[in-house]
Amino acid sequence: SIPPDEPISFRSIAKAGGGRRTLVRLGERDRRRYETAVAAAVPAVERGLSHGVIANRARPRSGGFTLEPFVKARRRYARSVAETPDSGSFRAAFLGDVHDCYGSIGPQVVSRSLRTLRVPDEAVQRIDEILRAFHSLGVRGLPIGPEASAVLANAVLAPVDLAIAAAAAAPVFRWVDDVIAFAPDVA
């Protein structure tokens, strides 16, 4: 087990639309360790995502990764939804939200998802070790706040994206844990 460099802190904030979310603040060394471990998985995770995944796309960079800027990603999302090809032929849309997304994603689910995406086993084991250490300190699921968690959430949701797209046989877009799937009819 990896000892933390300083205590992890938690801050509860109101969510838009109601409810609360608990943000996790990691110490600087823990944050760097987490980001470095997840950076090894970024190329495989990004290859495994469908084009309809808009938010939290990661770009590898020297020594780590960076997430696409929020404003740019949000514009691309709105444009993608508005410019859906043949949008006039779709008479229905499914709007979904993964309840307690980050909190419901445990280390074993992350490890299984990363292996499915062919992330090297050494990287999977390192990420699993870090997530289990966070869990032992009171973090439930993926810590909300650190950018590395967004990459891991995308890894877990990648097969869900593909399954929804196959079932819908129409465009599907995901913004973090919110999904829009177009359909030719309500049936």
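Mean sequence separation of contacting Cα pairs (under 8 Å, at least six apart), scaled by the length of the chain, corresponds to a relative contact order of 31 percent. The trypsin sites (Lys or Arg not before Pro) found in the range 2-55 that occupy coil by DSSP, while having at most 13 further C-beta atoms within 10 Å, are Lys15.
The helix-based estimate of mean residue ellipticity at 222 nm for the chain, built from -39,500 (n - 2.57) per DSSP H run of four or more residues and divided by its residue count, is -13500 deg cm²/dmol to the nearest 500.
A prolate overall shape is assigned to the range 60-187, the ratio a/c of its alpha-carbon gyration tensor axes (a ≥ b ≥ c) being 1.5 or greater and a/b exceeding b/c.
Residue-wise HN-Hα couplings along the range 73-83, as the Karplus relation 6.51 cos²θ - 1.76 cosθ + 1.60 with θ = phi - 60° gives them from phi, are 5, 5, 4, 4, 5, 4, 5, 4, 5, 5, 9 Hz; Gly and Pro carry x.
Net charge of the neighbourhood of Ser50, taken over other residues with C-beta under 9 Å away and scored Lys/Arg +1, Asp/Glu -1, is 0.
Counting protein heavy atoms only, the range 71-187 has 56 percent of its accessible area on carbon and sulfur, 1.4 angstrom probe. For the chain, modelled as a GNM whose springs connect Cα atoms under 10 angstrom apart, the maximal fluctuation among Arg75, Arg118, Arg140 occurs at Arg75. The GluC sites (Glu not before Pro) found in the range 1-101 that occupy coil by DSSP, while having at most 12 further C-beta atoms within 10 Å, are Glu83.
The values are calculated or read from the model by the stated rules, or taken from the named source; none is laboratory data. If you're wondering where the values come from, they're calculated on a predicted model, not measured in any experiment. Ideal geometry is used to build each Cβ from the backbone, glycine not excepted, and the neighbour counts take in all protein chains shown. Surface areas here come from the heavy atoms of the whole protein model, side chains and all, with no ligands, DNA or RNA. Shrake-Rupley method; radii C 1.70, N 1.55, O 1.52, S 1.80 Å.
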